[in-house]
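Engineer: For reference, the structure I am asking about is given below.
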Amino acid sequence: MKLKSLFFVGFCMSATAIACGNSSIPVLDTPPSPMAPQGEVTAYTTTADRSQSFTKATLKFSKKPKFDTVIKLDPTVRYQSMDGFGAAVTGSTCYNLMKMAPADRAKFLTETFSDKDGLGFSYIRISIGCSDFSLSEYTCCDQPGIENFALQSEEKDYVIPILKDILAINPAIKILGSPWTCPKWMKVDNLVDKKPFDSWTSGQLNPDYYKDYATYFVKWVEAFEKEGIPIYSITPQNEPLNRGNSASLFMGWQEELAFVRDALGPAFKTAGLDTKIYAFDHNYDYDRMPDQQGYPVKMYDDEVAASFLTGAAYHNYGGDRKELNEIQRQRPDKELIFTETSIGMWNDGRNLQKRLTADMREVALGTVNNWCKGVIVWNLMLDSERGPNREGGCQTCYGAVDIDKSDYKTLTYNSHYYIIGHLSAVVKPGAFRIESDGVTGSNLMYSAFENPDGTVAFVVSNGSESMARVSLTVDGKNYVDCTIPGNSVASYCWKK
């Protein structure tokens, strides 16, 4: 059954509501702000039945906890700092956004990315060349010779205009770039005889072209910066162990190590680029390849390569997020970010009853609690036919938001939009995850943060059917009494 769409007009509950199936969805008319007056707590709640959607409430402190379960937040115990939360702005996403009426597009982007008038999404991922959600297969240098590098129509007509709109709304947005493939003329079928490999799918990077490909990255970063679009970070290869994507390139850890050490890192240094480089960018289980286990740590073991690497990026299409803890244990000096997960037909992706708390636990809070500094989900927006998509790519994926292809106006908000929004609304770039202790063995998962402005944030998922009642405190003298509906997520922020 097709879900009816939720229309956001902002993010604070109004007294009116619109019908949606058998429930009422609040019409939201003012944005969330993490800043609450002294002595007050700002709270947002979203329920899996869609009866509440970023519904705002203002709570007062009490001098004694109202509930038996007390969670103590301790800002003196700090873990990782946070870079931000967001979604991938793919070619398909940009195409759909450009099909919207300008006023509708501006409204959606403001509600999503503005830190003042919206949810404050703060980190986005784009492809370097095509991805499996582009309008065609291409790179920025399809004619042999690195001197032929140039941005293509997908960047010029779709991606760059949307990025400029987003930057006008949120100039501090962080942008991560990842390639799905190198130019085909740089590919070989194996590294022994180096036979040319004329295919978008699979193949390996010819070591003879390492320096040219490093120059490709430099030219790409500089081309975007010339457009006024700073690139915060890159990964050398999206899903380097996946040969089967519509555009793909196999790059085992030894290859990526050599490329970063001998070409990419030095090229960035020579060009004066401070763009961060994150290794790997693939699954927790390393696609079950025995020789690829611990991929980034093997790269870190080379001191020269490690000097160019900020950390590692992960996806969750295989394995367990506990791998993040293992990598952090081995190399606590290196960062971790989470860069891709998707919803689709295979996991009932539009069913908020199934996905909301599960995705909050596994993707958002689950990765943050395992040391990730950033969380990025896959397509920000796809259309109602799960596209535009291409043969060989994912044709069963949903977006964080789906737009009706019949009018390019009606929007359906899925779990990924909610889980990112609940974090980005109250947890700001530069925040530190802090100690939070008090509940064990329950259906609650939560994390606490201290923002750069000194406010405290708490984000929680309640996977139980029943209401959860907890009291939060920082100093043991003032308490925030929270009632968290069953099958819901909630965010809280207040001044200490």
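The values are calculated or read from the model by the stated rules, or taken from the named source; none is laboratory data. As the structure is a prediction and not an experimental result, all values here were calculated from the model. Neighbour counts are summed over all protein chains in view; Cβ atoms, including those assigned to glycine, are modelled from backbone coordinates with ideal geometry.
Engineer: Surrounded by fewer than 20 Cβ atoms within 10 Å (Cβ to Cβ) and under 30 Å from N96 (Cβ atoms): does that describe D437? Reasoning before the result, please.
Structural biologist: On the way: surrounded by fewer than 20 Cβ atoms within 10 Å (Cβ to Cβ): yes; under 30 Å from N96 (Cβ atoms): no.
No.
Engineer: Hey, Y79 hits all of (1) hydroxyl-bearing (S, T, Y); (2) within 22 Å of D383 (Cα to Cα); (3) modelled with pLDDT of 95 or more but one; which does it fall short on?
Structural biologist: The one condition Y79 does not meet is (2).
Engineer: Kindly list the number of the only condition in (1) assigned to a loop (DSSP other than H, G, I, E, B); (2) closer than 21 Å to Y408 by Cα that fails for K194.
Structural biologist: (2)
Engineer: Checking the structure you have, find out if any residue of the range 223-241 is under 26 Å from the mean Cα position of the chain (by Cα), surrounded by 19 or more Cβ atoms within 10 Å (Cβ to Cβ), part of a helix (DSSP H, G or I) and touching a residue at least 60 places away in the same chain (Cβ under 8 Å).
Structural biologist: Among the residues of the range 223-241, at least one is under 26 Å from the mean Cα position of the chain (by Cα), surrounded by 19 or more Cβ atoms within 10 Å (Cβ to Cβ), part of a helix (DSSP H, G or I) and touching a residue at least 60 places away in the same chain (Cβ under 8 Å), which makes the answer yes.
Engineer: Scan the range 144-153 and tell me whether some residue there is at pLDDT 95 or above, acidic (D, E) and over 14 Å from K219 (Cβ atoms).
Structural biologist: For the range 144-153, residues at pLDDT 95 or above, acidic (D, E) and over 14 Å from K219 (Cβ atoms): absent.
Engineer: Hey, another quick one. In this structure, is C94 touching a residue at least 12 places away in the same chain (Cβ under 8 Å), over 23 Å from the mean Cα position of the chain (by Cα) and buried (at least 17 other Cβ atoms within 10 Å of the Cβ)?
Structural biologist: Against the criterion (touching a residue at least 12 places away in the same chain (Cβ under 8 Å), over 23 Å from the mean Cα position of the chain (by Cα) and buried (at least 17 other Cβ atoms within 10 Å of the Cβ)), C94 does not qualify.
Engineer: Right, another one. Looking for whichever is surrounded by fewer than 20 Cβ atoms within 10 Å (Cβ to Cβ), in contact with a Leu (Cβ under 8 Å, 6 or more places away or on another chain) and not in a helix (DSSP H, G or I) here; the options are S136, S202. Which one fits?
Structural biologist: Residue meeting the stated conditions: S202.
Engineer: Return yes or no: is Y446 within 30 Å of K99 (Cβ to Cβ), crowded, with 16+ Cβ neighbours inside 10 Å and either modelled with pLDDT of 95 or more or touching a Lys or Arg at 6+ places or on another chain (Cβ under 6 Å) (or both)?
Structural biologist: Working: within 30 Å of K99 (Cβ to Cβ): no; crowded, with 16+ Cβ neighbours inside 10 Å: yes; either modelled with pLDDT of 95 or more or touching a Lys or Arg at 6+ places or on another chain (Cβ under 6 Å) (or both): yes.
Criteria not met by Y446.
The rows are residues; the columns are (1) in contact with a helix residue (DSSP H, G or I) (Cβ under 9 Å, 6 or more places away or on another chain); (2) more than 20 Å from G387 (Cα to Cα); (3) part of a helix (DSSP H, G or I); (4) not assigned by TED's automatic domain parsing to the domain that holds N389.
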| position | (1), (2), (3), (4) |
| --- | --- |
| L109 | yes, no, yes, no |
| T112 | yes, yes, yes, no |
| D115 | yes, yes, no, no |
| Q143 | yes, yes, no, no |
| A150 | yes, yes, no, no |
| V159 | yes, no, yes, no |
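Engineer: Can you find, within the range 290-332, the residue that is surrounded by the fewest Cβ atoms within 10 Å (Cβ to Cβ) among those that are part of a helix (DSSP H, G or I) and of a type in the set (S, T, Y)? Full working, then the answer.
Structural biologist: If we filter the range 290-332 for residues that are part of a helix (DSSP H, G or I), which is where we start, we get 290-292, 295-300, 303-308, 322-330.
This time we only want the ones that are of a type in the set (S, T, Y), so: 295, 300, 307.
Values: Y295: 27, Y300: 22, S307: 12.
Ranking the candidates gives S307 first.
Engineer: Taking the options R350, R355, name whichever one is in a loop (DSSP other than H, G, I, E, B) and either under 23 Å from the mean Cα position of the chain (by Cα) or over 25 Å from Y446 (Cα atoms) (or both). Spell out how you get there, then give the answer.
Structural biologist: On the way: R355 fails: in a loop (DSSP other than H, G, I, E, B).
The match here is R350.
Engineer: Pull up the range 363-391, narrow it to residues that are among the β-branched types (V, I, T) and touching a helix residue (DSSP H, G or I) at 6+ places or on another chain (Cβ under 7 Å), then point me to the one that is surrounded by the fewest Cβ atoms within 10 Å (Cβ to Cβ).
Structural biologist: Looking at the filtered set, the residue picked out is T367.
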